[in-house]
Each structure stands twice: as C-alpha cells, then as structure tokens.
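Peer 1: Take this structure first; my questions come after.
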Amino acid sequence: MIRRAFTMRLKPGAMAEYRKHHDNIWAELVAEVRRSGIATITTFEADPVLFLFSEIKDLEAWNKLWTSDVHRRWGLVMEPLMHFKDGIVDFGELREIFRLDTGLGKKAKKAAKKARKAARNTPVKKAPAKKAAAKKAAAKKAPAKKMPAKKKVAAKKAPAKKPAKKAAGRK
C-alpha cells in the first residue's frame, strides 16, 4: 500500500457541519472510494486545518475518486464548508519523511486472533469449577479405602469327550 497525506482547510465555523456529513457518509461514496483503490482514509483536525491520511493501491487513486460523478456531488455538499479550487478541495500534499513500524500492531492482532480461536475451541464445563474443586479436595482428605482382594476361582474343566463310535459297516 502507498501512504498519502494531505492538509485541507475548513471555512470558519464549518467543523460541526463537516463532521455531521462525514458521520453520515453516503454508501455510494464509500463504494466509489473503494473502487478508486483507496483502502483507508483517516482525517484528523486542528480546526480549521484538516489532516487526511490514506492508504491507496496506486498513485492515481485520489484522482480517480475526485473525478468521479459521486465525488462531484459530494463536493457540492462540501464546497460551502471547505476551500475548493477548480471543483476539487484545495489541498496541500504532504511528503512522508519518516515511518517506524515496530510490529506491535501486528503482534497484538495475531494474539487477539489466537485468543478468540482458543475461546471457540474450549469445551464448556458442565460442573461449576467450585464443585469440581471441592470434590478434588475432599478426595485428597479422605483416607484411601482398601478394596477387598478378589478371590481367584478355579476354572472348571469341561468333561472330556468320549471318542465317537465308528459307524457300522466301516472298517
């Protein structure tokens, strides 16, 4: 992913209205953002300055969005709130000069996924843990009972078979 950042400026007193529109963003605009190749958009504010950070698939993603029909209509809603130039929000692109990725976010996501999987695979215990622990403790305290030894019973032998008599007439 390519990271891109911009600054934009709101007109005085426009922050509440700007937030209201973004809290209710159009589904068709979200679909167009995706089709344009924009994976994420995060906007920060220090009224009247907005800082927008995005992750995009290719360098033309923003141009694709800004020239789309749905974004032109969104622009008509935003134009009274923001500074525009030639029908597109007046922005200042920022250049990335430093990035540090410690991998912590990836490790945390992986650990959370592992924990969820383990929770799904853990069998549900039928007996409450307190009862099971009490039974275990009682078994340790009670003296071991000796079981009486089983007597060995001699197996009875089957009576020996008598030899079969030869059929008459055979030699």
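Per-residue answers, yes or no, for (1) of a type in the set (D, E, K, R); (2) surrounded by 13 or more Cβ atoms within 10 Å (Cβ to Cβ); (3) under 29 Å from the mean Cα position of the chain (by Cα):
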{"position": "5", "(1), (2), (3)": "no, yes, yes"}
{"position": "9", "(1), (2), (3)": "yes, yes, no"}
{"position": "15", "(1), (2), (3)": "no, yes, no"}
{"position": "26", "(1), (2), (3)": "no, yes, yes"}
{"position": "37", "(1), (2), (3)": "no, yes, yes"}
{"position": "45", "(1), (2), (3)": "yes, yes, yes"}
{"position": "51", "(1), (2), (3)": "no, yes, yes"}
{"position": "55", "(1), (2), (3)": "yes, yes, yes"}
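Peer 1: Among (1) part of a strand (DSSP E or B); (2) among the basic types (Lys, Arg); (3) without any contact (Cβ under 8 Å) to a residue 12 or more places away in the chain, there is one condition residue 20 misses while meeting the rest; what is its number?
Peer 2: Looking at each condition in turn, residue 20 falls short on (1).
Peer 1: Report yes if some residue within the range 47-55 is under 23 Å from residue 34 (Cβ atoms) and in contact with a Gly (Cβ under 9 Å, 6 or more places away or on another chain); otherwise report no.
Peer 2: no
Peer 1: Go through the range 62-106 residue by residue and tally those that are surrounded by 12 or more Cβ atoms within 10 Å (Cβ to Cβ), within 30 Å of the chain's Cα centre (by Cα) and in contact (Cβ under 8 Å) with a residue 40 or more places away in the chain.
Peer 2: So the count comes out to 1.
Peer 1: Need a quick list: strands (runs of 3 or more DSSP E) entirely within the range 37-155 having at least 3 residues that are modelled with pLDDT of 85 or more, closer than 30 Å to residue 11 by Cα and not hydrophobic (A, V, I, L, M, F, W, C).
Peer 2: In the range 37-155, the matching strands (runs of 3 or more DSSP E) lie at 38-46.
The values are calculated or read from the model by the stated rules, or taken from the named source; none is laboratory data. The structure presented is a predicted model; accordingly, all values stated were derived computationally and were not measured. Cβ atoms come from the backbone with ideal geometry, glycine included; neighbour counts cover every protein chain shown.
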